[in-house]
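Undergrad: Please read through the structure below; I'll follow up with questions.
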């Protein structure tokens with residue numbers, strides 16, 4: 001494509017974007033216009049803002065109450081995916097003023113989570129599950145083992161970049177030359193939890209059967225001479241847990257799909273990774289030792305029960321929100 005370089009950059013951009021339907025990255029590449037500038041011009045055009053107007057002279061660093069409401073409303077729309085520059089252009093204020101406003105209101109610029117949108121049927125099953133768990137004064141909730149698996153990498157929990165150091169020397173961290181990935185399984189309940197099962201293989205149905213069977217006595221000892229419940233998610237490896245088929249004392253709960261927010265062990269996994277990260281293990285042996293030591297501390301009843309105590313409130317909130325996903 002031949003360009004006439006005496007043409008104004010903005011005019012050239014409009015021709016390429018509107019007439020040639022060229023992508024922003026391609027426009028930036030062939031014209032030398034910074035990609036951020038191209039994206040700003042596209043936003044202005046799509047919002048009927050004249051890109052030829054010298055709007056920078058009219059930008060203000062003060063944001064009135066009405067503009068503040070508009071900016072905050074835009075940020076509540078998950079489809080907007082806007083930026084301080086786009087908001088500044090839309091409301092004719094400087095992007096620095098928008099940034100300062102957002103910081104003042106407690107906003108943080110951080111990665112966006114990819115949440116799956118639940119179907120109406122999936123939401124309905126979540127509500128039914130929560131109602132069932134709350135029946136009879138939370139009988140199932142108080143007698144249920146919430147099980148799950150977690151993967152953890154050595155480099156993930158040993159990446160310490162800053163530490164308090166003395167005036168006479170600098171600390172040097174040990175270099176991790178080889179990454180190690182381990183998997184963990186456990187089950188927690190109101191009355192106690194199993195020990196942590198650590199393995200390196202990929203989980204399949206046969207391995208899962210062996211893992212649960214090896215902890216079956218722990219489950220029974222936590223609820224001696226009582227009926228109890230066992231919950232796991234819908235991972236294919238969890239299909240048909242045969243070791244419980246002939247056991248009348250235990251019932252497997254039908255757990256709704258895409259519902260980690262309704263399983264308290266998810267929060268424990270996050271806490272466990274944080275605690276292991278504080279230990280900063282440097283090899284597989286240290287990683288395993290840290291996992292076991294921290295898990296044993298976390299499953300002491302006074303440390304474990306707060307994770308279960310939140311469930312009643314969480315299930316009620318899920319029902320109130322018609323099955324929508326909750327933060328966890």
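The values are calculated or read from the model by the stated rules, or taken from the named source; none is laboratory data. These numbers were taken from a predicted model, which means no experiment stands behind them. Cβ sites come from the backbone with ideal geometry, for glycine too, and all protein chains shown count toward neighbours.
Undergrad: Among the residues of the range 265-317, which ones are within 14 Å of residue 195 (Cα to Cα), touching a residue at least 40 places away in the same chain (Cβ under 8 Å) and assigned to a loop (DSSP other than H, G, I, E, B)?
TA: Passing the criteria: only 299.
Undergrad: Could you please let me know if residue 126 is modelled with pLDDT of 90 or more, in contact with a strand residue (DSSP E or B) (Cβ under 9 Å, 6 or more places away or on another chain) and surrounded by 12 or more Cβ atoms within 10 Å (Cβ to Cβ)? Explain how you work it out, then say what you get.
TA: Working: modelled with pLDDT of 90 or more: yes; in contact with a strand residue (DSSP E or B) (Cβ under 9 Å, 6 or more places away or on another chain): no; surrounded by 12 or more Cβ atoms within 10 Å (Cβ to Cβ): yes.
No: the conditions fail for residue 126.
Undergrad: Of (1) in contact with a helix residue (DSSP H, G or I) (Cβ under 8 Å, 6 or more places away or on another chain); (2) within 20 Å of residue 152 (Cα to Cα); (3) at pLDDT 95 or above, residue 230 satisfies all except one. Which?
TA: (2)
Undergrad: Let me ask something else. Only one of 148, 74 is at pLDDT 90 or above and either assigned by TED's automatic domain parsing to the domain that holds residue 310 or closer than 30 Å to residue 9 by Cβ (or both). Can you tell me which?
TA: Numbers: 74 fails: at pLDDT 90 or above.
After ruling out the rest, the residue left standing is 148.
Undergrad: Then there is this: Could you figure out which of (1) in a helix (DSSP H, G or I); (2) surrounded by fewer than 19 Cβ atoms within 10 Å (Cβ to Cβ); (3) without any contact (Cβ under 8 Å) to a residue 24 or more places away in the chain isn't true of residue 248?
TA: (1)
Undergrad: Go over the candidates 281, 236 one by one and state the one that is under 19 Å from residue 183 (Cβ atoms), surrounded by fewer than 12 Cβ atoms within 10 Å (Cβ to Cβ) and assigned by TED's automatic domain parsing to the domain that holds residue 156.
TA: Details: 281 fails: surrounded by fewer than 12 Cβ atoms within 10 Å (Cβ to Cβ).
Answer to the selection: 236.
Undergrad: Next up: If you go through the range 318-328 one residue at a time, how many are in contact (Cβ under 8 Å) with a residue 60 or more places away in the chain and surrounded by fewer than 18 Cβ atoms within 10 Å (Cβ to Cβ)? Let's see the steps before the verdict.
TA: Step one: filter the range 318-328 for residues in contact (Cβ under 8 Å) with a residue 60 or more places away in the chain, giving 318-319, 322-328.
When the remaining residues are screened for being surrounded by fewer than 18 Cβ atoms within 10 Å (Cβ to Cβ), the result is 319, 322, 324, 326-328.
Selection size over the range 318-328: 6.
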